[in-house]
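Note sheet for the following structure.
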Amino acid sequence: MSQFAINLLFVGASFALYIGIAIWARAGSTKEFYVAGGGVHPITNGMATAADWMSAASFISMAGLLASGGYANSSFLMGWTGGYVILALLLAPYLRKFGKFTVPDFIGDRFYSSTARTVAVICLIIASVTYVIGQMTGAGVAFSRFLEVSNTWGIWIAATIVFLYAVFGGMKGITYTQVAQYVVLIIAYTIPAVFISLQLTGNPIPMFGMFSTHTESGLPLLVKLSEILVELGFQDYAADVSNKLNMVLFTLSLMVGTAGLPHVIIRFFTVPKVADARWSAGWALVFIAILYTTAPAVASMARLNLLTTVYPEAAGQVEDYEQALSNPILYEERPEWVRTWEATGLISFNDQNQDGRIQYYNAANPNFAPIAEERGWAGNELTVNNDILVLANPEIANLPGWVIGLIAAGGIAAALSTAAGLLLAISSAISHDLIKKTINPAITEKGEMLAARISMAGAILLATYLGLNPPGFAAQVVALAFGIAGASLFPVLMMGIFSKRVNSKGAIAGMLAGLISTLLYIFTYLGWFFISGTNMLPNTPDNWLFGISPLSFGAVGAMINFAVAFSVSHATEEPPQEIQDLVESVRFPKGAGAAVDH
Amino acid sequence: MADNNSNAAAYWSANLRLITGCLIVWALVSYGFAILLRPLIAGIEIGGTDLGFWFAQQGSMLTFIAIIFFYGWRMNKLDKQFGLEE
């Protein structure tokens, strides 16, 4: 069977599964549509949350980011997991006790203001729409790479599948498909990682293999990796960063952003009890950590594999690196996987010194230039796209074709599961918060259900359109989504629970201050609305305020939000007694059953 | 009612103490060991690298899981102890 047929079989089988679930899990009421009826087991919800959370970026790009940045990019690991601690301790159980359907629902009720609700809806929509673009383009890329269809067709197919289970099943359909998608993506991710770890270190568990001995050289794997990297002018893999303030703020921004992303929060509305919300966050993190602790291992091993593919003599015990690095492989003798991926343009070779061999080194390092010249190297000749590390893993490890089929299904599962979660957050904010709570409170259950389905269909069409015509800023939108969620939504949610004093004026002023300050800082360096050339300052570290990168500003925006909300609240009246009672009631699990049937 | 209120207040302050403790550990392993205090513990070797690197790429995530389950377990006990469980 050809590789194409195998990929088609795996992706087709996974789609049949998702559609089967869609038929089985149709939503019959708004409660089923918004929160899957509120009866999802905490472990099931943990698994669905993990799939909801882990996007195409986590699945495909994260290992590449870690491999290229080494220690410095650890912020992604800590930030995207540490947010779950904040979520579990500060938000999830209380929002579950509140017992409603959406994030703006809580903000609107707690701050007794339809303005606060509307501001929250706007923040939610900006954060979720920007995030969903990346998922649609990610699905399109996965389709075109593995199934030989055009990007456009890939996005349409993805949209149709999501449409089938999200429009009919709502949160109920999404929850059970996400569980299936988690299983597909985690198997796809870990199998190649286990084999690579076995080949390099003899240890079957990648997270341990990363810290054990590299069989071929007898050195610890990370020592071996750093040795070769340094000899080629790259940075030591474990090199410390000089700007610690920025690393702390970047990590914190990712954490508060994670905790404030509505599509993650609403997953905790689906469990039966407050205690389940606490457990469920823990299970979600367990399922996420299976991939996230494997990713740094994949990163270091794949980087070492790449280096020793180019410089085979550097793989074993090396006395003299000068000698070992002088004979990189001949381009004609490159392995099969390099040839395969060259066809996609993700690896490219340019023989600058015309010697027919592949010289791969850090040509951007001025200190290394004299050494390179001495060796007769005329520039770096191999360009490798970061995304390749995960996608090409099965081929690098010489695994059979069905593993490649699994990776195809896994990458698509990661993109679809996150897209569906985001689309539900968007459509429920529109049908529940805008239509039912603001515009037409008299709408019937049946009418709201129809509105929810129409909003979902509309959101899918919008996402498809944006996926087909991605705005030029697609690469920066992740920073935007996290910045907005962390700087606007997270602080008011937390204050709504932990302070009885913060009132509607404080919350609105805080959300706007956090949102606007973050947007201004991002736009100053990345251009107004990301239109290139309109940035007021060049996006380089010496121009950043106190060395804080625009990607790290979400944490500062959150602090501004807290400060403004507290000052404004203390300068104005106390919230009414019934609101203080509401705050009191969300703090205790007792009576949650009654709160659900509002 | 007064009894109820003081019971609820005691539950809430016990919860806040627990949250504070958990968040101290959360910050210590990530912002502490993995970033700011990394040079201080650089002497401790683990698998060919330093302890700070391990915390940045593995240890902090494993600690986060432990914190969430510990918090869930303690809160379940508190819920029962104060008679505030569902």
* **Conditions (1) facing chain A (nearest Cβ under 7 Å); (2) farther than 27 Å from A:S226 by Cα; (3) free of Cβ contacts under 8 Å to residues at least 12 places away in the same chain; number of the one not met by B:W26** => (3)
* Might you check whether a residue that is of a type in the set (K, R) and surrounded by fewer than 16 Cβ atoms within 10 Å (Cβ to Cβ) occurs anywhere in region A:355-377? => yes
* To do: Quick one: B:D79 ticks every box in (1) more than 23 Å from A:R278 (Cβ to Cβ); (2) of a type in the set (D, E); (3) in contact with a helix residue (DSSP H, G or I) (Cβ under 9 Å, 6 or more places away or on another chain) except a single one, so which number is it?
  => (1)
* **Any hit, region A:286-293, residues being among the small types (G, A, S), modelled with pLDDT under 95 and part of a helix (DSSP H, G or I)** => no
* Asked: Of the residues A:T130, A:T160, A:T102, which is out of contact with any helix residue (DSSP H, G or I) (no Cβ under 8 Å at 6 or more places or on another chain) and of a type in the set (S, T, N, Q)?
  -> A:T160
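With more than 19 Å from A:V248 (Cβ to Cβ) and not in a loop (DSSP other than H, G, I, E, B) as the only criterion, which of A:L520, A:L537 stands out?
When all the criteria are applied, what remains is A:L520.
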* Hey, can you tell me all the residues within region A:88-104 that are at the interface with chain B (Cβ under 9 Å from one of its Cβ atoms) and buried (at least 24 other Cβ atoms within 10 Å of the Cβ)? => A:A88, A:L89, A:P93
* Could you list, in sequence order, the residues of region A:265-286 that are closer than 16 Å to A:A50 by Cα, β-branched (V, I, T), surrounded by 24 or more Cβ atoms within 10 Å (Cβ to Cβ) and within 9 Å of chain B (Cβ to nearest Cβ)? -> none
* Could you check how many residues of region A:243-264 are more than 13 Å from chain B (Cβ to nearest Cβ) and surrounded by fewer than 24 Cβ atoms within 10 Å (Cβ to Cβ)? => 0
* Asked: What residue, of A:S68, A:S128, A:S61, A:S29, is farther than 24 Å from A:I579 by Cα, among the polar types (S, T, N, Q) and surrounded by 24 or more Cβ atoms within 10 Å (Cβ to Cβ)?
  -> A:S128
* To do: Being more than 8 Å from chain B (Cβ to nearest Cβ), crowded, with 20+ Cβ neighbours inside 10 Å and either part of a loop (DSSP other than H, G, I, E, B) or of a type in the set (F, W, Y) (or both) is the filter here, so list the residues in region A:196-216 that pass it.
  => A:H214
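Is one or more of the residues making up region B:38-50 more than 25 Å from A:G218 (Cβ to Cβ), facing chain A (nearest Cβ under 9 Å), part of a helix (DSSP H, G or I) and of a type outside the set (S, T, N, Q)?
no
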* To do: Might you let me know whether region A:291-309 holds any residue that is buried (at least 17 other Cβ atoms within 10 Å of the Cβ) and either farther than 30 Å from B:L62 by Cβ or in contact with an Asp or Glu (Cβ under 7 Å, 6 or more places away or on another chain) (or both)?
  => yes
* To do: Report yes if some residue within region A:63-80 is within 9 Å of chain B (Cβ to nearest Cβ) and either among the polar types (S, T, N, Q) or within 30 Å of A:K31 (Cβ to Cβ) (or both); otherwise report no.
  => yes
* Taking the condition in a helix (DSSP H, G or I) and in contact (Cβ under 8 Å) with a residue 60 or more places away in the chain, does A:T115 pass? -> yes
* Evaluate region A:516-525: report whether one residue or more is under 21 Å from A:T118 (Cα atoms), in contact with a Cys (Cβ under 7 Å, 6 or more places away or on another chain) and either of a type in the set (D, E) or buried (at least 21 other Cβ atoms within 10 Å of the Cβ) (or both). => no
* Identify, from the list A:G593, A:G483, the residue that is within 14 Å of another protein chain (Cβ to nearest Cβ), at pLDDT below 90 and assigned to a helix (DSSP H, G or I). => A:G593
* Breaking point among (1) over 30 Å from A:T49 (Cα atoms); (2) over 24 Å from the mean Cα position of the chain (by Cα); (3) hydroxyl-bearing (S, T, Y), for A:S197 -> (1)
* Failed condition for A:N45, given (1) closer than 21 Å to A:L389 by Cα; (2) within 14 Å of chain B (Cβ to nearest Cβ), with all others met? -> (1)
* Asked: Here are some residues: B:F53, B:F33. Which one is at the interface with another protein chain (Cβ under 7 Å from one of its Cβ atoms) and of a type in the set (A, V, I, L, M, F, W, C)?
  -> B:F53
* To do: Looking only at region B:70-80, decide whether some residue is under 30 Å from A:I43 (Cα atoms), more than 9 Å from every other protein chain (Cβ to nearest Cβ), over 19 Å from the mean Cα position of the chain (by Cα) and of a type outside the set (V, I, T).
  => yes
* Asked: Looking at (1) in a helix (DSSP H, G or I); (2) surrounded by fewer than 24 Cβ atoms within 10 Å (Cβ to Cβ); (3) of a type outside the set (A, V, I, L, M); (4) at pLDDT 90 or above, can you tell me which one A:E395 breaks?
  -> (4)
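Out of curiosity, is A:V85 farther than 20 Å from A:M171 by Cα and either modelled with pLDDT under 90 or not in a loop (DSSP other than H, G, I, E, B) (or both)?
yes
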* To do: Determine, yes or no, whether A:G108 is in contact with a Lys or Arg (Cβ under 6 Å, 6 or more places away or on another chain) and more than 14 Å from chain B (Cβ to nearest Cβ).
  => yes
* **Residue tally, condition of a type outside the set (A, V, I, L, M, F, W, C), in a helix (DSSP H, G or I) and touching a Ser or Thr at 6+ places or on another chain (Cβ under 7 Å), over region A:498-517** => 4
* Please give the number of the condition A:D236 fails out of (1) surrounded by 23 or more Cβ atoms within 10 Å (Cβ to Cβ); (2) within 12 Å of chain B (Cβ to nearest Cβ). => (1)
* Condition check for A:L330: of a type in the set (A, V, I, L, M, F, W, C) and closer than 24 Å to A:G69 by Cα -> no
* Which pairs do you get when a residue that is farther than 14 Å from A:Y131 by Cβ, found in region A:444-470, comes within reach of a residue that is buried (at least 16 other Cβ atoms within 10 Å of the Cβ) and among the charged types (D, E, K, R), reach meaning Cβ atoms under 6 angstrom, with the pair 6+ apart or on two chains? -> A:E448/A:K436
* How many residues are in contact with a Lys or Arg (Cβ under 7 Å, 6 or more places away or on another chain) and aliphatic (A, V, I, L, M) when one looks only at region A:241-281? -> 3
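Filter region A:439-464 for residues that are β-branched (V, I, T) and surrounded by fewer than 16 Cβ atoms within 10 Å (Cβ to Cβ) and give the result. Please lay out each step first, then the result.
Pass one, region A:439-464, residues β-branched (V, I, T): A:439, A:443-444, A:454, A:460, A:464.
A:I439, A:T444, A:I454 - these are the residues of region A:439-464 that are β-branched (V, I, T) and surrounded by fewer than 16 Cβ atoms within 10 Å (Cβ to Cβ).
The values are calculated or read from the model by the stated rules, or taken from the named source; none is laboratory data. A quick note: this is a predicted structure, and the numbers were derived from the prediction, not measured. Note: ideal-geometry Cβ built from the backbone for every residue, glycine included; neighbour counts use all protein chains shown.
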